[in-house]
Structure formats: C-alpha cells, structure tokens
Amino acid sequence: MATPPYSPKQGPIPFADTHGDTNLVSSPEQREEQEHADLISALPSASAADSPVKLRRYQGFWLADLFLPAAINLRHRFEPRCDDVIVASFPKCGTTWLNALTFATMARAAYPPAGADHPLLRLNPHQCLPFLEGLFQGGREAELEALPSPRVMNTHMPLPIVPWAVPGCRVVYICRDPKDMVVSWWHFFRRLRPQLPFNSVFESTCHGPMPYGPVWDHVLGYWRAATARPDKVLFLRYEELLRDPAGHVRRLAGFLGTPFSAAEEASGTVDSIVKLCSFGHLKGLDANKIGRMHPLLPIPRDALFRNGASGDWVNHMTPEMASRLDDIVAEKMRGTGFTFSDL
Ligand code: A3P
C-alpha cells in the first residue's frame with residue numbers, strides 16, 4: 001500500500017491507515033516457511049498452564065512457539081533508526097494506555113488531541129502502532145522499513161530480543177504490580193477460555209513458564225537499561241501514571257525530545273491528551289467496544305479495557321497468595337535496587 005505524503009514534523013500516522021488491520025499477528029496462510037527450525041527445535045520447551053500454547057525458552061525468556069522465528073529475526077535483522085520510539089511492556093501492564101499516550105503525544109501536530117477527527121476516536125490504540133513481533137512473525141519486515149520517520153512501534157519482547165533498542169532508539173517501558181498483572185491476565189484470557197482457573201495463571205507467574213516471562217527478568221532488563229541510559233529509556237509504572245497522568249505526559253514529551261511549548265500548555269494540550277487516552281473515554285468508543293483483537297486472538301476488544309485501576313488483586317487473591325508472590329518478587333529482585341514496593 002502506498003505511503004501517504006508525510007512531514008517529519010507531523011509525527012507518526014496510524015499504522016492501520018496505511019497497512020490495514022492485520023497488525024497483531026499474521027494469519028497462518030501468510031506465515032513464511034519456518035526459518036531457524038534447527039535452532040528452535042533445540043530450545044527447551046514447555047506448555048503454558050491450562051493452554052495449548054507451546055513455549056520455548058530463548059535468551060532466558062519463555063516465548064510462544066509462534067513467535068520464535070520472529071524473535072530470532074527481530075533480534076538479528078531489525079535495523080533501528082535513531083529517532084525510532086519503542087513502546088515496550090510485559091502484557092497486561094498498561095500497554096494499550098501507553099500506546100495511546102505515546103501516539104497522541106508524538107502525533108499531536110498532525111492530530112490535535114482535542115480534534116474531532118483524531119485517529120484514536122476511530123481506531124483501537126493497538127491499531128495505531130505496528131506490533132514488532134506480529135510484523136516479523138508474518139515476514140512483513142519490509143512494511144516497517146517503509147515507514148517514514150519518526151517510527152513508533154510496540155513490543156512485548158524482553159530487552160535481550162531487541163538488544164539494538166538501547167542505545168539505538170528511545171524506549172518507553174511500563175511496568176505494574178505483578179499481582180494486578182496476574183488478575184488482568186486472568187480476566188483477559190478468560191474471555192477466550194471461560195474455564196481458565198485463576199490459580200493456574202497465578203502459579204505460572206510464580207514458577208513459570210508464562211509467555212514473555214519471567215516477568216521480573218523482563219522488568220529488570222528494561223529498568224537496568226533505564227538506570228544506565230535515562231536518555232534512552234523512560235521507565236514508567238502503571239500506578240504512578242494513574243496518580244499523575246498529566247505529569248507523566250509532560251515527562252513523556254520531554255523524553256521524546258518534544259516538550260510542550262508554552263502555547264501548548266496554555267491551550268490545554270496536555271489535558272486534552274490525558275482526556276483522549278483516559279480509561280473512561282477509550283472504553284466508551286466503538287473502536288474499543290466492537291470487534292475482536294485478531295482472528296488468531298479472537299478476544300473481544302473491550303477486554304483491553306476492564307477495570308483500569310490498581311489494587312484489584314485484593315478481590316482475587318488470599319493474603320497468603322499475595323504475600324507468596326510478593327516474597328518471590330522480592331527474592332528475585334534482591335540486590336538489584338529495584339522494588340515494586342513504592343507502588
Ligand atoms: P485491568 O485488567 O486491571 O483493568 P495491556 O494494555 O498491557 O493489555 O493492559 C491492560 C490493563 O490496562 C487492563 O487492566 C486495562 O483495563 C488497563 N487499561 C487499558 N487502557 C487503560 C487506560 N486508558 N487507562 C488506565 N488503564 C487502562
């Protein structure tokens with residue numbers, strides 16, 4: 001599909017507008033013949049609890065079999081540009097929100113956030129950014145190469161799979177209290193498999209394997225990179241974003257090298273972005289109420305907007321379960337300097 005006229009000053013355009021709505025993963029017919037078969041078959045494998053999904057351990061992380069060729073190609077073949085922006089996260093930690101905020105902030109010149117024709121009013125936030133492993137899984141790397149700069153892309157991959165991201169690009173990462181992540185994960189996949197026991201997601205988080213996990217190593221990789229290169233990695237916490245969305249949108253814009261001007265501050269641009277991307281607003285839009293994620297992930301889109309709060313774990317875990325997970329996390333993080341406890 002032809003790329004429309006573009007001015008770098010305008011920021012990114014919604015990916016779905018130029019490349020259709022098949023971003024998340026490619027259908028089986030579109031998949032390339034599996035590359036790296038020998039390497040992949042030699043990797044340790046396991047099944048995700050209560051799920052037919054086969055996982056393989058690559059670079060220290062459990063990845064769905066479907067994404068292994070993509071992970072290898074992404075690691076070795078992606079050519080970053082210095083003005084690329086990568087939105088990274090562990091699933092169910094605020095990806096959709098951060099995608100929306102980052103897109104709205106970067107694209108604000110072309111799409112004023114209070115405008116009646118803003119793309120986020122007609123597209124799900126995930127449709128605005130290319131999903132790196134989805135594109136690589138389908139052998140669609142060329143579509144990424146054809147995108148004008150600055151590109152903004154999304155991934156759940158841990159840092160060892162995207163080693164070029166730091167210091168090659170700018171990365172915006174979001175983490176979340178793992179207890180709330182577990183709850184969110186369970187509700188999300190229960191829309192696909194209503195019988196999924198909460199306990200199996202809980203146990204997978206504690207002891208693995210779980211897709212993209214272990215979660216603590218995922219978080220630590222990006223946190224260490226943010227500590228070493230704060231100019232290259234902005235490390236955000238879902239709970240802090242909830243407490244002060246406007247302050248974090250200002251941080252985000254500053255980090256991206258496009259701080260809000262006095263005129264933008266005076267005209268309320270920050271508040272408009274916060275409002276546009278707020279849970280209540282996005283949840284009510286048809287783009288987020290109607291349809292499914294993808295034929296291969298046929299979960300209704302509204303599952304991305306469930307509760308939008310922190311601390312819901314108290315309604316799903318016993319105090320013993322909560323302290324068991326807290327203890328495991330504390331043990332895994334011991335000596336690193338990282339803690340979730342200030343959440
Ligand atoms: P809950 O299930 O706890 O409600 P992800 O986007 O990584 O899949 O994360 C999903 C979680 O983010 C869900 O959490 C969802 O409700 C929440 N979420 C989605 N959009 C949000 C927004 N605009 N503001 C705050 N939270 C949001």
Residue by residue through segment 281-298, which ³J(HN,Hα) values in whole Hz follow from phi under the Karplus form 6.51 cos²θ - 1.76 cosθ + 1.60 (θ = phi - 60°), with glycine and proline marked x? 6, 4, 4, x, 7, 4, 4, 10, 9, 10, x, 10, 4, 5, x, 8, 9, x
Rg over Rh of segment 15-333, using C-alpha atoms and the Kirkwood radius, what does it come to? 0.94
Non-local amide H neighbours of G213 (under 5 Å, H modeled in plane, Pro and chain starts lacking H): which ones? W62
The answer for V87, listing residues at least 5 apart or on another chain whose modeled amide H is closer than 5 Å to its amide H, is M153, N154, T155, V172
What accessible surface, in Å², does a 1.4 Å probe find on K54, ignoring ligands, DNA and RNA and rounding to the nearest 10? 90 Å²
Which value, in Å² and to the nearest 10, is the accessible area of F15 when all protein chains are kept and the probe is 1.4 Å? 0 Å²
Amide H of V233 versus every other amide H placed in the peptide plane: which residues, excluding those fewer than 5 positions away on the same chain, fall under 5 Å? V171
Run the helix sum for the chain: -39,500 (n - 2.57) per DSSP H stretch of 4+ residues, divided by residue count, reported at 222 nm to the nearest 500 deg cm²/dmol. -11000 deg cm²/dmol
Would you work out the relative contact order for the chain, in percent, from Cα pairs under 8 angstrom that are 6 or more residues apart? 23 percent
Extended-chain gain in nm, criterion 0.36 nm per residue less alpha-carbon gap, S278 and E320: 11.8 nm
Could you name the lysines whose alpha carbon sits less than 21 Å from that of K54, not counting residues in the same chain fewer than 8 places away? K92
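The values are calculated or read from the model by the stated rules, or taken from the named source; none is laboratory data. Predicted model, so just to flag it, every value in this text is computed and none were measured. These accessible areas exclude ligands, DNA and RNA; they are computed on the full protein's heavy atoms, side chains included. Shrake-Rupley method; radii C 1.70, N 1.55, O 1.52, S 1.80 Å.
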